[in-house]
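For reference, the structure discussed in these notes is given below.
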Amino acid sequence: MFKAPGEITTDSDEEYSEISGSELDEEITWIEWFCHLKGHEFYVEVDEDYIQDDFNLTGLSAQVPCYEDALNMILDFDDQDDHRVPDDHQPIVETAAQMLYGLIHARFILTSRGMAAMLDKYNARVYSTCPLMQCDSLQQAVLPIGTSDLLRQSSAKVYCPHCREMYFPKSSRLESLDGAYFGTTFAHLFFLTYQHLVPPAMPTPFVPRIYGFKIHKSVRENLRRQCERVQIPQYFPGASSGYPKQQAATGEQPQEGAAASGRPAGSREEILVD
């Protein structure tokens with residue numbers, strides 16, 4: 001029987017989400033044990049023959065410490081005497097095995113077998129539904145997605161095919177997983193493969209209203225201009241809100257009387273205006 005590695009170690013049977021009873025007494029593989037841990041139901045079980053193909057693991061040895069030991073643990077080769085890991089080195093290898101499996105998982109779900117397994121989880125709404133009001137009312141399922149294919153860059157998010165937006169997942173357990181374990185490509189390739197799952201149209205954008213009337217776009221522009229005029233004295237203490245912007249920006253003071261208007265002093269026009 002395997003023990004939970006590192007941070008997920010516990011003495012409680014609550015760590016197991018689906019394996020219970022007599023199944024716990026049977027010998028299971030590391031992959032089965034790992035994917036049935038509570039909070040790991042978001043993973044699919046990667047086929048061992050996929051992992052044993054070195055081509056599928058190209059480049060992963062440079063990203064994961066203790067690569068060989070971690071790979072042997074995933075494939076259950078660590079029970080053999082020639083692959084046994086010292087006890088003081090065990091926690092490091094267990095953590096590395098989790099990281100390596102996550103990166104392998106991101107590649108496996110791009111295959112036809114991996115997508116078929118993810119399709120079952122998508123239909124069962126394992127990753128919950130879109131939080132957008134228009135989508136939530138339709139119980140629109142979402143898929144996990146990463147914003148980077150590199151480890152420790154960001155946590156997992158969810159992608160909605162209806163509104164075509166990314167959101168923080170409703171499940172804190174899913175959010176605690178690294179986004180690289182699902183990658184940036186999977187969600188989009190999934191909906192290209194299963195195009196019948198893509199809703200035909202995007203939801204109607206929300207329209208703000210006051211007393212039932214739409215707010216005209218000119219209102220926001222007018223409010224913005226008023227705010228700018230009010231804020232001018234804060235940046236230019238010698239200017240008032242009634243000054244032209246050019247005077248406030250240059251710091252020039254307005255001329256008084258006839259000199260300001262450009263008319264000769266004492267003219268008939270000046271007397272009529274004043």
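Relative contact order of region 141-214, please, whole-number percent, based on alpha carbon pairs below 8 angstrom and at least 6 residues apart.
Computed over region 141-214, the figure is 31 percent.
Just want to confirm a number: the relative contact order over region 103-164, from Cα pairs under 8 angstrom separated by 6+ residues, in percent. Could the numbers behind the result be given before it?
Details: 60 pairs, mean separation 14.1, N = 62.
Reported relative contact order: 23 percent.
Which far-off residues, 5 or more places away or on another chain, put their amide H under 5 Å from the one on S155, with H placed in the peptide plane?
G179
Given the whole protein assembly as supplied and a 1.4 Å probe, what does the accessible area of E68 come to in Å², nearest 10?
In the full protein context, E68 sits at about 110 Å².
Hull surface divided by four, with the convex hull built on the Cα atoms of region 125-210: how many nm²?
Answer in nm², one decimal: 6.5.
To the nearest 10 square angstrom, how much accessible area does M133 have with a 1.4 angstrom probe?
140
Using a 7 Å offset from Cα along Cα-Cβ at N56, what residues in region 180-198 end up with backbone N under 16 Å from the label point?
What the label zone holds, given the 16 Å backbone N cut-off, is 182.
From a point 7 Å beyond the Cα of F206 in the direction of its Cβ, which residues of region 159-173 have a backbone N at a distance under 20 Å?
159-171
Using a Förster distance of 22 angstrom, determine the FRET efficiency expected from the C-beta separation of F213 and S137, and round it to 0.05. Each step should come with its number before you reach the end.
On the way: r = 25 Å, r/R0 = 1.12.
Efficiency, rounded to the nearest 0.05: 0.35.
Hey, got the Cα dimensions of region 116-172 along the principal axes, in Å, largest first?
34, 26, 20 Å, listed from the longest principal axis down.
Let me spell out the model: positive unit charges on the Cβ of Lys and Arg, negative unit charges on the Cβ of Asp and Glu, origin at the Cα centre of region 24-152. What dipole size does that give, in debye rounded to 20?
1120
The values are calculated or read from the model by the stated rules, or taken from the named source; none is laboratory data. None of the values given here were measured: they were computed from a predicted structure. Here Cβ is always computed from backbone atoms with ideal geometry, including for glycine, and neighbour counts include all displayed protein chains. Just the protein is used for accessible areas: all its heavy atoms, side chains included, with ligands, DNA and RNA removed. Shrake-Rupley method; radii C 1.70, N 1.55, O 1.52, S 1.80 Å.
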